[in-house]
1. Looking only at the range 96-121, which residues are open to solvent by 60 Å² or more (accessible area, probe 1.4 Å), at pLDDT below 90 and assigned to a helix (DSSP H, G or I)?
2. Count, please, the residues in the range 157-167 that happen to be crowded, with 17+ Cβ neighbours inside 10 Å and under 13 Å from ILE101 (Cα atoms).
3. Could you look through the range 63-78, keep only residues that are assigned to a helix (DSSP H, G or I) and either of a type in the set (A, V, I, L, M, F, W, C) or on the phi > 0 side of the Ramachandran plot (or both), and pick out the one that is surrounded by the fewest Cβ atoms within 10 Å (Cβ to Cβ)?
4. Which residue is nearest to LEU123 (Cα to Cα), if the candidates are limited to the range 45-62 and must be open to solvent by less than 60 Å² (accessible area, probe 1.4 Å) and either among the charged types (D, E, K, R) or modelled with pLDDT of 90 or more (or both)?
5. Out of the residues in the range 201-214 meeting the condition of being in a helix (DSSP H, G or I) and open to solvent by less than 80 Å² (accessible area, probe 1.4 Å), tell me which one is modelled with the lowest pLDDT.
6. Please work out which residue is farthest from TYR194 (Cα to Cα), limiting yourself to the range 123-151 and to residues that are of a type in the set (Phe, Trp, Tyr) and open to solvent by 60 Å² or more (accessible area, probe 1.4 Å).
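The values are calculated or read from the model by the stated rules, or taken from the named source; none is laboratory data. Remember, predicted model here, so these are calculated numbers, not experimental data. Note: ideal-geometry Cβ built from the backbone for every residue, glycine included; neighbour counts use all protein chains shown. All accessible areas refer to the heavy atoms of the entire protein, side chains included, with ligands and DNA or RNA removed. Shrake-Rupley method; radii C 1.70, N 1.55, O 1.52, S 1.80 Å.
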Amino acid sequence: MKYCSKCQMKVQNQLNNCPLCGQLLESVEFEIERDYPEQFAKKRRFSIRKSIIFLAMMIISFSFISGIFQDFQWNWVFIITAATLYLTISAILGSRVKRNIGPNILTQVIGISALSIIIDYFLGYSGWSLEIIFPLGLMAGTTIITVMILLNPKRFTDLVIYQLMFGLMGIVILAMIYFQVIIFRQIAIIGSYYTIITCVGLFFFADRQMIHELKKKFHY
């Protein structure tokens, strides 16, 4: 009987080396009691993702139970549910997107804006979600993307697509102002103008190499 002391496994053939690790096998005369080594047994890992989902289920279910059995306003039940769902999705996506932070920033801006609109709606809708939170979110996302490009110009082609998306959202805000969807205009105008002019400025000051790489990426 041949035996691998490293893998702690029996080998019942004529091999001289272990088929798993390549170590030279030993010839033994006694029977090894352990047929399967402990280190090859799969260990159960603590799942952070499942823990986040389970915690979200607890919070949402508790809010609904409070609304049913206690005098709890249903508007706040839906607000808590929406906020919990947003935080859950944000945490899961954030754990997946590590290297390319662009999608994470875009998701955060859209998610926070959508959450603020939902909260604003259930509280009677006074317009602060579209007039303040949405423009400020675009400004924050635009600033982060711009700083990342300035610190590492090589990431221009990877991040500029998200800057373009923020620029389009700035145009959407201008359209809302024109069609009087947004009444309180000051912050909305500043946010949309900042987002659009920053997007234009990136292309205006980009060198030929960056533009060339961008054309290659879009097959233009």
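1. Correct list: ARG96 only.
2. Looking only at that region, the number is 5.
3. Restricting attention to the range 63-78, the residues satisfying the condition of being assigned to a helix (DSSP H, G or I) are 63-69, 74-78.
Imposing the further condition that a residue be either of a type in the set (A, V, I, L, M, F, W, C) or on the phi > 0 side of the Ramachandran plot (or both) reduces the set to 64-65, 68-69, 74, 76-78.
Details: PHE64: 16, ILE65: 12, ILE68: 10, PHE69: 8, TRP74: 12, TRP76: 15, VAL77: 19, PHE78: 17.
Per the stated criteria, the residue is PHE69.
4. Residue satisfying both the conditions and the ranking: ILE60.
5. First, pick out the residues of the range 201-214 that are in a helix (DSSP H, G or I): 201-205, 208-214.
Okay, now just the ones that are also open to solvent by less than 80 Å² (accessible area, probe 1.4 Å), so 201-203, 210-211, 213-214.
Working: GLY201: 91, LEU202: 86, PHE203: 83, MET210: 70, ILE211: 68, GLU213: 64, LEU214: 67.
The residue in question is GLU213.
6. Residues of the range 123-151 of a type in the set (Phe, Trp, Tyr): 125, 128, 134.
Now narrow it down to the ones that are open to solvent by 60 Å² or more (accessible area, probe 1.4 Å): 125, 128.
Working: TYR125: 26, TRP128: 19 Å.
Going through the qualifying residues, I end up with TYR125.
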